[in-house]
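Colleague: This is the structure I have questions about; it appears just below.
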Amino acid sequence: MNETEQLLQQVARRARTSARGRGKPLPAPLGAGEIARAEGILGFPLPPLLALLYTRVGDGGFGPEQGLLPLRQAVGAYRAQRESGWRWPEGVLPVADFGCAMYACVDCRSGTGQVLLFDPNPGEPDLAWSVDTPGLADWLRGWLDGTAWFCEESDAGDTYDLELAPWQEFRSRI
C-alpha cells in the first residue's frame, strides 16, 4: 500500500469517527462525473489527492476546523472570490472555512497541492496570503496527528502568527 492510500484510509477513518461523534452522517463521496463538472466550471483540474478525498472519503464535512467544504460550495466560493476586490489568484481553491473570512486554500496549480491561508483581516490583498503547508498531504497529516497550528492540542498555534511565510507567487498569479 502506498503513502497516498495510507493517508486516505487514515482520513476516512477519522472522518467516520468524527461524523459518528457529531451524530451526523458523513456526506457521500462524489462520482468522477461530479469532479469533471467542477473542473470544467473552475477551468483547471483538482490535484489528485483533493479529488480522491472527494471521491473516496466524502463530499466535505471532515478535516480541520469545520471540515472541507462540499465541492459545490468550494467552487461557488472560488467564483465569488475571483469576482471580489481581493484579486483572488487563478487556480487557488478555498477548501476549508476557518471563520472570520479566513480560508484554507489549495493551490491547484502547484505540483503538491500547496495549502495557503487567506486572511483578509489585515485589510490589504498583498498581506492576505501566506503559505500554510507545502502540500495537501502535509496539511492532512498535521490534522491527523494534531501538530498543525489549527489543532487545539498543538503548540504551533501559539507562535503561528509570528512565523507566517508570505506567499511569494501572489503578485504573479493575479
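The values are calculated or read from the model by the stated rules, or taken from the named source; none is laboratory data. All of these numbers come straight from a predicted model, not from anything done at the bench. FYI the Cβ positions are ideal-geometry reconstructions off the backbone, even for glycines, and counts take in every protein chain you see. These area figures cover heavy atoms from the full protein model, side chains too; ligands, DNA and RNA do not enter into them. Shrake-Rupley method; radii C 1.70, N 1.55, O 1.52, S 1.80 Å.
Colleague: Computed FRET efficiency, Cβ-Cβ of Arg22 and Ala101, R0 35 Å: what is it to the nearest 0.05? Each step should come with its number before you reach the end.
Modeller: Working: r = 24 Å, r/R0 = 0.69.
For Arg22 and Ala101, the calculated efficiency is 0.90.
Colleague: Between Phe44 and Arg56, how many nm apart are label points set 7 Å from Cα along the C-beta direction?
Modeller: The modelled label-to-label distance comes out at 2.3 nm.
Colleague: Please label the shape of segment 42-104 as rounded, prolate or oblate, based on the square roots a ≥ b ≥ c of the eigenvalues of the alpha-carbon gyration tensor (a/c under 1.5 means rounded; beyond that, a/b larger than b/c means prolate, else oblate). Intermediate values should be presented prior to the final figure.
Modeller: Numbers: a/c = 2.31, a/b = 1.30, b/c = 1.78.
Oblate shape, in that a/c is at least 1.5 and b/c is the bigger or equal ratio.
Colleague: Between segment 95-150 and segment 38-57, how many Å separate their Cα centres?
Modeller: 17 Å
Colleague: For the chain, what is the accessible area per residue in Å² when the probe is 1.4 Å?
Modeller: 52 Å²
Colleague: Sticking with this one: With +1 on the Cβ of every Lys and Arg and -1 on the Cβ of every Asp and Glu, and nothing else charged, how large is the dipole of segment 1-134 about its Cα centre, in debye rounded to the nearest 20? Before the final figure, lay out each step's value.
Modeller: Details: 13 positive and 14 negative charges, 135 e Å.
For segment 1-134, the charge dipole is close to 640 debye.
Colleague: Here's another thing I want to ask about it. Round to a whole number: what % of the accessible area of the chain belongs to carbon and sulfur, probe 1.4 Å? Spell out each step's value before the answer.
Modeller: Details: 4440 of 8960 Å².
Carbon and sulfur atoms account for 50 percent of the accessible area of the chain.
Colleague: Please find the FRET efficiency linking Glu124 to Glu5, where r is the Cβ-Cβ separation and R0 is fixed at 41 Å, and quote it to the nearest 0.05. Could you put the intermediate results ahead of the total?
Modeller: Values: r = 42 Å, r/R0 = 1.01.
In this case the efficiency is close to 0.50.
Colleague: Rounded, prolate or oblate, given the Cα gyration tensor of the chain, with a/c below 1.5 counting as rounded? Walk me through the numbers on the way to the answer.
Modeller: Values: a/c = 1.64, a/b = 1.18, b/c = 1.38.
It is oblate, given that a/c is not under 1.5 and a/b is not larger than b/c.
Colleague: May I pose another question? What FRET efficiency, computed as 1/(1 + (r/R0)^6) with R0 = 25 Å and r the Cβ-Cβ distance, is obtained for Ser84 and Glu34, rounded to the nearest 0.05? Don't skip to the answer; put the middle values down first.
Modeller: Values: r = 25 Å, r/R0 = 1.02.
The computed FRET efficiency comes out at 0.45.
Colleague: Still on this structure, I have one more. Quick one: what are the phi-derived ³J(HN,Hα) couplings along segment 108-121, Karplus 6.51/-1.76/1.60 with θ = phi - 60°, whole Hz, x for glycine and proline?
Modeller: Result, ordered by residue: 5, 9, 8, x, 9, x, 3, 9, 10, 10, 9, 10, x, 4 Hz.
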